[in-house]
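One structure is given here, and the rest of the page talks about it.
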Amino acid sequence: MQSKLAHAAERKAFSVALDQIIKAASGPDREKNLDKLLDMASNLLKDTSPGAARGLRNGLYPGSKYEKFLFQVIDETDPHVLKTTVLNGGYEAAFRGLRDTTANADKEQCNVPWIILFDPTSACNKHCIGCWAADYGNALNLTFDECDSLVSQAKALGTHLFMLTGGEPLVRKKDVLRLAEKHNDCLFNIFTNASLVDDAFCKEVQRLGNIVFSVSVEGTEETNDGRRGEGSYEEVMAAFDLMHKYGLLYGTSTAYTRLNIEAVTSDDYFDNLIAHGCRFAWFFHYMPVGEGASADLMPTVEQREYVMKRIREVRAVKGGKPIFAMDFQNDGEFVGGCIAGGRVYCHVNARGDVEPCVFIHYSNANIRDMSWLDCLKQPIFQSYRAHYPWNDNLLQPCPMLENPEILPEIVHQTDAKSTQYTAEESVETLHDRVAPYAASWAPEAKRLWLDEHPTGKKIYADAMSNEKISVKAKLIAEEEAEAEKKYAGVDQQQ
Ligand code: SF4
């Protein structure tokens, strides 16, 4: 781990460089200056995410779709919001956070996530059909002090990216702003229905600069309001316009189901989001978890293949659309498969239970009973760490959805308890609900995977992406020693 002094000096150096880059990328010669920005990003990502560095280079060539997209984001985003988001999300989370969490994972012999999702509240002001928050009721909340303690302890291990889910996090608007203000070196991504977004709130977010939004929306007014309630679609569009007025950064979060797939992937849908200033569109496969979940809402095999190809088409460097779309179930190959159990992320619910994933409700740890580090060392996380990866085919990344025999093994081996709020769900019940889907998807997943990866394995173009934590940690430690000397020198000169 880097010392506090070296960290502060490094952040300052990054901040100065970022000012220059944003200035250069806003001026008349900005096309020419883009190369400098790419050099900087490549340098930051070279060890921990070399694939991402290559992706940036491939996507941002002169005249490309993503070059225009980037310039539009720079032109239309409030300068303070843009700088703070890149500084906290790019430098603190993706660069320094990845390095520090890797070093700590090696030292502590447990997964240390660089992203944490947590639910400040189970309360929601909406009652969308099929949403887990509808089952949770309004009774559960993490206090401000608990949220603050979680963020502080996680930061000490290197984590700087926090995603707030729920419930509706903006039911706790004041606490969300207070938390973002106190931890102004972190980035907070709020998953929200946007119905509580107003002028005064946007003004505060603009002042702070370290909050971005993933807004729930599902297709047309008809498909959206059919599940989310009359008037919800109009509320979301009005919130987008307001966020755009204040130069904020936002995109969408959409669960695709057997019933809405066409509506949430149509040209009209994407074009409308783009017209309203959305920069990204996250897609999540419907997960039939918990009381009232229906296996019939899961996409058919044909629909899943269609979504996979459609999202890649929209995201493509050539053609496609000026929005960054990602399908978390089908894009597993770009993040090494399942990211849960603290490998990349984990989830804390509004009762404090620490779960491997927002969709996997089994745990041995609660932030109210133990330190954050002890929560990360809980048996179910260690078992995730030992079992991962469950499948070489990263179109079958999940220990619940596509490899349903794995989750019961992990849960029983670790004696993890169900953390469902309303009715406990046995892992066998969950297994039986998803097993037919897993069986029907398996042959298609194999065909699609072999089409792209004839050996059956993804061949990584660089060795580091696939290396063990201990190897990465050793390389990072050597580089950190060099950086420490460099920034110690800078500090003494100041
Ligand atoms: S447990 Fe399943 S849903 Fe959660 S991150 Fe892993 S693959 Fe995705």
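The values are calculated or read from the model by the stated rules, or taken from the named source; none is laboratory data. As the structure is a computational prediction, the values presented were derived from the model and not from experiment. Every residue, glycine as well, gets a Cβ built from its backbone with ideal geometry; the counts of neighbours run over all protein chains shown. Calculation scope for accessible area: heavy atoms of the full protein, side chains included, ligands and nucleic acids excluded. Shrake-Rupley method; radii C 1.70, N 1.55, O 1.52, S 1.80 Å.
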Inset, instruction - Just add up the charged neighbours of PRO322: K/R +1, D/E -1, any other residue whose Cβ is under 15 Å from the Cβ of PRO322. - result: 0
Inset, instruction - Filter the cross-link list LYS174/LYS245; LYS65/LYS321; LYS4/LYS472; LYS65/LYS318; LYS107/LYS468 down to pairs whose alpha-carbon distance in this structure exceeds 18 Å. - result: LYS174/LYS245; LYS4/LYS472
Legend entry - Ordering of 307-317, 340-350 by burial proxy (mean other Cβ atoms within 10 Å per residue, highest first): 340-350, 307-317
Inset, instruction - Please state, rounded to one decimal and in Å, the Kirkwood hydrodynamic radius that segment 192-253 gives when every pair of distinct Cα atoms enters the mean of 1/r. - result: 11.8 Å
Inset, instruction - Measure out, as a whole number of angstrom, how far apart the alpha-carbon centroids of segment 1-44 and segment 371-411 sit. - result: 37 Å
Inset, instruction - Would you please give the FRET efficiency between PHE328 and LEU5, computed as 1/(1 + (r/R0)^6) with r the Cβ-Cβ distance and R0 = 45 Å, to the nearest 0.05? - result: 0.75
Legend entry - Length gained when the stretch ALA483-ALA275 is fully extended (0.36 nm per residue, less Cα-Cα span): 70.5 nm
Inset, instruction - Sum up the charges of everything whose Cβ sits under 12 Å from the Cβ of ALA17, counting Lys and Arg as +1 and Asp and Glu as -1, but leave ALA17 out. - result: +2
Legend entry - With all protein chains modelled, accessible area of HIS244 [1.4 Å, Å²]: 70 Å²
Inset, instruction - Would you please put 445-456, 60-71, 143-154, 98-109 in order of how densely packed they are, using the mean number of other Cβ atoms within 10 angstrom per residue and starting with the highest? - result: 98-109, 143-154, 60-71, 445-456
Inset, instruction - Whole number in Å², please: accessible area per residue of the chain, 1.4 Å probe, ligands, DNA and RNA not counted. - result: 42 Å²
Inset, instruction - Determine the percent antiparallel among the DSSP beta bridges restricted to the chain, to the nearest 5. - result: 20 percent
Legend entry - Globularity ratio of segment 255-325, using Cα Rg and 2.2 N^0.38 Å: 1.19
Inset, instruction - Can you check what the Kirkwood hydrodynamic radius comes to for segment 109-459, Cα pairs only, in Å to one decimal? - result: 20.7 Å
Legend entry - Formal net charge of residues neighbouring ASP268 (Cβ-Cβ distance under 13 Å; K, R +1; D, E -1): -4
